[in-house]
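What follows is a short report on a single structure.
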């Protein structure tokens, strides 16, 4: 009985939810295929390596007042100019006068190491390509809070799309005899595959 007020607007709920989740469904369907065949899809990571030395004045400053956490402004500015600001989003870890930062992102990652005594900076960035980027978005891997919220909201919209589609099928099933056999097949086929072939 609670559904009765909604029945008159089923089509509207269905087409609005389908419009909202269209691009997301395409993205997740295509990346579902690429994830399922990850072993067959060749990946050639692009690795960028960089070495540099701290300017002497900055090195002296840091040796005199060795940081225990975070990044002093002068060091942050120099690192940003030297290797780019993206790596600085990672957590700065200090240990015995050595700085280590690791930052992951969809489709790649990066790390840097800085020894204050020698002033040596080592940096490496790995880019695994667009397929890996979209695969990581599919999994929500290293994609941040905003994307995590998008996935949750998108999932809710897909549920609305599916339920309104099922209710529309129910409404028009009388004139389409194949409706419920097809719905049943959609339920039974994955269930049988899971029971018979997944161990």
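Every number here is computed from the coordinates shown, using simple stated rules; none is lab data. In this text the structure is predicted, and so the values were computed from the model without any measurement. Cβ placement follows ideal geometry from the backbone for every residue including glycine, while neighbour counts extend to all protein chains displayed.
The table for this structure:
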read-out: Cα→Cβ-extended label distance, 7 Å offset, between residue 53 and residue 168, nm; value: 6.9
read-out: On Cα atoms only, tilt of 10-36 relative to the major axis of the chain in degrees; value: 50
read-out: Per-pair calculated FRET efficiency, R0 = 41 Å: residue 142 and residue 192 via Cβ, rounded to 0.05; value: 0.70
read-out: Estimated distance in nm for a label pair at residue 183 and residue 25, the labels positioned 7 Å out from Cα along Cα-to-Cβ; value: 1.7
read-out: Values of log10 I(q)/I(0), in the order q = 0.08, 0.09, 0.15, 0.19 Å⁻¹, for the chain under a Debye, Cα-only, solvent-free model; value: -0.51, -0.59, -1.02, -1.28
read-out: Protection proxy ranking, peptides 105-116, 33-44, average beta carbon neighbours within 10 Å, highest first; value: 105-116, 33-44
read-out: Principal-axis tilt of helix 73-83 within the chain, Cα atoms, nearest 10 degrees; value: 70
read-out: Mean residue ellipticity (222 nm) of the chain, computed from DSSP H runs ≥ 4 via -39,500 (n - 2.57), nearest 500; value: -18000 deg cm²/dmol
